[in-house]
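Everything below concerns the one structure shown next.
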Amino acid sequence: MITEQAGEKQKNRFSLTRLIRENSRAQGFFLISPANIYLFLLVVLPLILVTILSFLSRGTYGQVVYKFNLTNYTRLFNELYGKVMVFSLGIGLGTTLICLLVGYPLSYFLARAPVRQRSLLLFLILLPFWTNFIIRIFAWMIILRSGGILDSLLQWLHITNAPLNLLYTPTAVLIGMVYEFLPFMVLPLYTSLEKIENSLLEAAADLGAPPWKAFIRVTLPLSVPGMVAGTILTFIPAMGMFVVPDILGGAKTILIGNVIRNQFLTARDWPFGAAASMILMVMTMALTLYYTRKAGFGEELLL
Amino acid sequence: MSEKKPSLWLRIYSFMVYGFIYAPILILIIFSFNTQKLNVRWEGFTLEWYKVLFNDAQIFLATRNTLLIAFISTLVATIIGTMAALAMHRYRFPLYNTSETVMYIPIVIPEVVMGISLLVFFVMINFTLGLTTITLSHIAFNIPFVALVVRARLHGYDRAIDEAAMDLGANELVTFWRVTLPTIMPGVLSGAMLALTLSLDDYVITYFTAGPGSTTLPLRVFSMVKTAVTPEINALSTIWVLIIFVLLVFGQIAQRKKA
Amino acid sequence: MKKISLFCFLIIGLALILSACGGAQKSTTLNLYAWSEYVPQQLLDNFSAQYGITVNYDTYSSNEEMLAKLQAGASGYDVIIPSDYTVAIMIKQDMLEPIDVSKLANFGNLDSRFVNRDYDPGNKYTIPYQWGTTALVYDKTLVPSAPKSWVDLWDPAYNGRLVLLDDEREVMGMALEVLGYDRNSTNTVELNQAEQKLIELKPNILKFDSDAPETAIISGEAWAGLVYNGNASLAYQEDPNVEYICPTEGCTIWFDNLAIPKGAPHQDAALLFLDWVLDPQQSILISQEFPYSNPNKAALDLLKTEDPELYDSYMSFPGTNPPDSFLANTKPIVDVGDATTLYDSLWTDFKSR
């Protein structure tokens, strides 16, 4: 009788477990459905519309004409837009590299800071970004303008004796870009560095490695996920950025972001703008996919 | 990493970087008191612009809109995003890879592309542009960021706690509410904070999806800046920074008290 | 502690939502969509006080932006302020509601020179709001010699000292006129030549700025430039050494007009608003606040008596009151239809050099 009861209990428990397991797949699906539905409607569907738009044409007065053709894409694959694209890539790359060089020591400092101070220090990096983006750039104009604050300071310190004429040059643009994207590099790097176990570094020291060697052989490789995440978060938006070059660079350059914006506003050639957007999107997605396959994605992106 | 007294060079360097980050903010604040209307050169001290600011009805409307949109979009995005993060962390469900890819699209596509696609979409379904469209758009780009942050926090989460709770008789829902959620709450709050920040300062996507009477602060500032860069904008930013700073200080004090 | 903060969060949220609902229930509204810093708040407040209609003032920063949004289907606006060439496009595309000017009591206040113009014969769809010119501004103490023609700006002495509007039609138009062509040309050969001419000018350009080019002039970073009359007037206010001329090759004249988009939800209010703006007492507010040219003759007469000092400075500066010789040399910008794409490509190429 006891064995019978035991047998019954076992049967019950078995079916209950299976139910939970089945449920769990369903549970997961259920949990992610709101996100899936929402994003499908508001991200995937609109992007499909833009893709369709990119194959249509512009009417005489800038309206959309439903004539299917590939001219938008063929127009993009010529020397002019290639040049614009390369230039945009250059700015993106330059910004990212400088952010990496400038930001890495800062992230290291943060990762080693007393634990109680860490969140405050991080917040202090983010705080300026709660002001308006445009105004921050305008503040840089005041600083970099010929005879402005930077010039006055440098001349007062006798480092220079003539105005540097930095404003409206590519240098000013880079300064502005690095300024805007630095937190996007610092935060993921910090997350990555913070996770590095002390025991590893202690082990390296025990094995006789000097600090610089420990850094190169232990810390640096382990911070690669952070570097990858920071690069993605910096490079992609930097490539599409046009506000900083317009304001700090005197709008003397034309980047892919300008081209897209011009199509929707000045030239009113929506199909062409859609095509340019598609190309930009494909490139960024390809880059991201490549990176994530190689070095992992996600966790180190943010705190 | 453990704490370690950083070398002097590192400390000086970090101090300089912080200086770099705060230099424009300082300029911003100082020039909010400039008498010169065009704010090109410093001419004198005045509080006039703060007065102008407080009498500016459009700014108040824009501020109210911005806060409303940020609040709602953060709330909705945090709920949906947290659910998504839990799903992706724990379960292997059908369409897992597709869901993950779709989730990351808003993060990797340029804002201008997303803004334009949303405009085209709303127009095609004949949805009037306004506060609703802006809010819907903000939710769309906030969900992935929340999901990402929460997922990062979930990464080291030990399911043993959940299982222990369930063994003790709690069902899934109770376990979630009283065990899982409080543990991941720092991550959820971080995600919400990020969503809030992104929504408050968003320009590009808001620009494409705004309609009559639905100007937000970034849009308003941008158009003010487009025509006349008066110190009124600096005054606005200074107040904004002040409020955040005060909140920060309160937050720190609250944390100390808890400890 | 957490529960309390969550509770506070929800209460604040509820308050915000309720405040929004409360605000939006007004039955009489007017949705104005115009350039920023273009319609005086006092004028709007007076209108609201007179008719009990609330005015929402949304802004755009270019005609194309407004046009793009409206073409995309954005609706809900009652009054817009398009420029002349945009009006022409909108009429062709049936995007404007016809207006019966006989219903506007104040229509007669307008200077007869500024009504019934090419872009809207008979004023069937628009009434002029403000007008102006786009021409050459310079600081006479900074330039090597007073420029008389656009071509003078190509002088290497101007290296890095010019500010130009970031506007492909205005800048290309200037180059076309320097070469002796029509500034609205659609001829491919002429346009390519214009672009080459501009490339020669590039070393002299300090910056492109359509928003506040006057700041470059005032700060002395730029010595001369291609700007709107409004920018020139603002520069003049800060620096009396500023001069504004129409060069020998020619310059642009533009008109901004009040219009009602097709399908506007509050057309009655829109018509009331149009008539309101034409009232000299209200129109005078525009001239008192913004440095453009006012087509309302009655308003200018009123200004003479109400604010003689402002009237004098309005009349004496070519930015606000161009002399006949200036006006004779102006031409409007006209939409170039399909050639717009060519202009855009050439502009992109020019900027990429």
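Grab the beta carbon distance between C:Gln50 and C:Lys304, set R0 = 30 Å, and tell me the FRET efficiency rounded to 0.05.
The calculated FRET efficiency here is 0.75.
I'd like the Karplus ³J(HN,Hα) series for region B:54-60: coefficients 6.51, -1.76, 1.60, θ = phi - 60°, whole numbers in Hz, and an x wherever there's a Gly or Pro.
6, 9, 8, 5, 5, 5, 5
If we sort A:214-222, B:237-245 on the protection proxy, mean other Cβ atoms within 10 Å, highest first, what's the order?
Descending packing order for the listed peptides: B:237-245, A:214-222.
Which FRET efficiency value, to the nearest 0.05, is calculated for B:Val179 and C:Ser316 with the Förster distance at 60 angstrom and r the Cβ-Cβ distance?
Given R0 = 60 Å and the Cβ-Cβ separation, E is 0.15.
Order these peptides, B:178-184, A:36-42, B:104-110, A:223-229, by their mean beta-carbon neighbour count within 10 angstrom, highest first.
A:223-229, B:104-110, A:36-42, B:178-184
Name the residue from C:Gly337, C:Ala135, C:Leu300 whose Cα lies farthest towards the positive end of the charge dipole of the protein assembly as shown, charges +1 on Cβ of Lys and Arg and -1 on Cβ of Asp and Glu.
C:Gly337
With the cut-off at 24 Å, tell me which of the pairs C:Lys69/C:Lys351; C:Lys297/C:Lys331; B:Lys51/C:Lys304 have Cα atoms farther apart than that.
From the list (C:Lys69/C:Lys351; C:Lys297/C:Lys331; B:Lys51/C:Lys304), the Cα-Cα distance tops 24 Å for C:Lys69/C:Lys351; B:Lys51/C:Lys304.
Could you work out the mean count of beta carbons from other protein chains within 10 Å of each residue's beta carbon in C:167-174?
Rounded to a whole number, the mean comes out at 1.
To the nearest whole number, what is the average tally of beta carbon atoms from other chains within 10 Å of the beta carbons of peptide C:204-217?
The shielding value for this peptide is 5.
Taking +1 at the Cβ of each Lys and Arg and -1 at the Cβ of each Asp and Glu, which of C:Pro240, C:Leu272, C:Leu176 sits farthest along the dipole of region C:175-306 towards its positive end, judged by Cα position relative to the Cα centre?
The Cα lying farthest towards the positive end belongs to C:Leu176.
Between region C:109-164 and region C:191-270, what's the alpha-carbon centroid distance in Å?
Cα centres, region C:109-164 to region C:191-270: 7 Å.
If I take R0 = 45 Å and measure r between the Cβ atoms of B:Phe245 and C:Lys331 in this structure, what FRET efficiency does the formula 1/(1 + (r/R0)^6) give, to the nearest 0.05?
The formula returns an efficiency of 0.25 here.
For every helix of n ≥ 4 consecutive DSSP H residues, a contribution of -39,500 (n - 2.57) applies; sum these over chain B, divide by its total residues, and give [θ] at 222 nm rounded to the nearest 500 deg cm²/dmol.
-25000 deg cm²/dmol
If you line up the long axis of helix B:111-124 against the longest principal axis of chain B, both from Cα atoms, how many degrees apart are they, to the nearest 10?
The angle comes out near 80 degrees.
Taking only the Cα atoms of region C:167-270, how large is their convex hull per residue, in Å³?
151
What list of ³J(HN,Hα) couplings, whole Hz, do you get for region A:83-99 from phi and the Karplus terms 6.51, -1.76, 1.60, once you set θ to phi - 60° and write x for glycine and proline?
Working through the residues one at a time gives 4, 4, 4, 4, 4, 4, 4, x, 5, x, 5, x, 4, 4, 4, 5, 4 Hz.
Chains C and A: how much accessible area gets covered up at their contact, both sides added, probe 1.4 Å, in Å² to the nearest hundred?
Using a 1.4 Å probe on protein heavy atoms, the buried area is about 2600 Å².
Just the number please: accessible area per residue for chain C, 1.4 Å probe, all protein chains included, in Å².
39
Dividing the Cα convex hull volume of region B:8-48 by residue count, how many Å³ per residue is that?
Measuring per residue, one finds 75 Å³ for the Cα hull of region B:8-48.
Can you work out ³J(HN,Hα) from phi for every residue in region A:175-180, in order, using Karplus 6.51 cos²θ - 1.76 cosθ + 1.60 and θ = phi - 60°, giving whole Hz and x for Gly and Pro?
For region A:175-180, the Karplus curve yields 4, x, 5, 4, 4, 5 Hz.
Give me the accessible area buried between chains A and B, both sides summed, with a 1.4 Å probe, in Å² rounded to the nearest 100.
8400
In the Gaussian network model of chain B, springs joining C-alpha atoms below 10 Å, which of B:Val149, B:Val246, B:Val112 carries the largest mean-square fluctuation?
Looking only at B:Val149, B:Val246, B:Val112, the largest GNM fluctuation is found for B:Val246.
Pop out the Kirkwood hydrodynamic radius of region C:233-341 from its pairwise C-alpha distances, inverse of mean 1/r, in Å to one decimal.
Evaluated on region C:233-341, it is 16.4 Å.
Determine the per residue accessible area of region B:8-48 with all protein chains present and a 1.4 angstrom probe, expressed in square angstrom.
I get 57 Å² per residue for this part.
For C:Asn296, which sequence-distant residues (separation of 5 or more, or a different chain) have an amide H within less than 5 Å of its own amide H, given hydrogens modelled in the peptide plane?
HN-HN under 5 Å from C:Asn296: C:Asp111.
Diagonalise the Cα gyration tensor of the protein assembly as shown and give the resulting equivalent ellipsoid semi-axes, square root of 5 times each eigenvalue, largest first, whole Å.
52, 33, 27
Hey, can you rank C:247-256, C:331-340, A:86-95 by average C-beta count inside 10 Å, highest first?
Going from most to least packed, we get C:247-256, A:86-95, C:331-340.
Using only the Cα atoms of chain C, each taken as one equal point scatterer with no solvent, compute I(q) by the Debye sum, divide by I(0), and report log10 of the ratio at q = 0.06, 0.09 Å⁻¹.
Reported log10 I(q)/I(0), two decimals: -0.26, -0.56.
Ratio of alpha-carbon Rg to the 2.2 N^0.38 Å globular estimate for region A:76-302, to two decimals, please.
1.18
Specify the angular offset, from 0 to 90 degrees and rounded to the nearest 10, of the alpha carbon long axis of helix C:280-289 from the longest principal axis of the alpha carbons in chain C.
60
May I ask for the Kirkwood hydrodynamic radius of region B:53-258, worked out over all distinct Cα pairs and given in angstroms to one decimal?
Computed over Cα pairs of region B:53-258, the Kirkwood hydrodynamic radius comes out at 19.2 Å.
Considering only A:Asn69, A:Leu150, A:Leu124, whose Cα is most displaced toward the positive end of the charge dipole of chain A, charges sitting on Cβ of Lys, Arg (+1) and Asp, Glu (-1)?
It is A:Asn69.
Treating the angle as unsigned and between 0 and 90°, give the value, to the nearest 10°, between the Cα long axis of helix C:229-238 and the longest Cα principal axis of chain C.
Tilt relative to chain C: about 90 degrees.
Apply the Kirkwood formula to region C:29-167: the hydrodynamic radius equals the inverse of the mean of 1/r over all pairs of different alpha-carbon atoms; give it in Å with one decimal.
18.3
Compute, for the protein assembly as shown, the length of the dipole vector about the Cα centre, with Cβ point charges of +1 (Lys, Arg) and -1 (Asp, Glu) only. Units Debye, rounded to 20.
The dipole magnitude comes to about 4220 debye.
Partner chain Cβ atoms within 10 Å, averaged over the residues of B:79-87 - can you pull that number for me?
Across B:79-87, the average partner-chain Cβ count within 10 Å equals 5.
With a 1.4 Å probe and all protein chains left in place, how much accessible area per residue does region A:76-302 have, in Å²?
With the other protein chains kept in place, region A:76-302 gives 39 Å² per residue.
Working only with C-alpha atoms, what are the Rg and Dmax values of region A:203-294, expressed in angstrom?
Calculated on Cα positions, Rg and Dmax stand at 20.4, 67 Å.
Protein chains only, probe 1.4 Å: how do B:His138, B:His89 rank by accessible area, largest first?
Listed by decreasing accessible area, they come as B:His89, B:His138.
The values are calculated or read from the model by the stated rules, or taken from the named source; none is laboratory data. Here the structure is a predicted model, which is why all the values come from computation and not from measurement. Cβ sites come from the backbone with ideal geometry, for glycine too, and all protein chains shown count toward neighbours. Quick note on the areas: whole protein, heavy atoms, side chains included, nothing else; ligands and nucleic acids left out. Shrake-Rupley method; radii C 1.70, N 1.55, O 1.52, S 1.80 Å.
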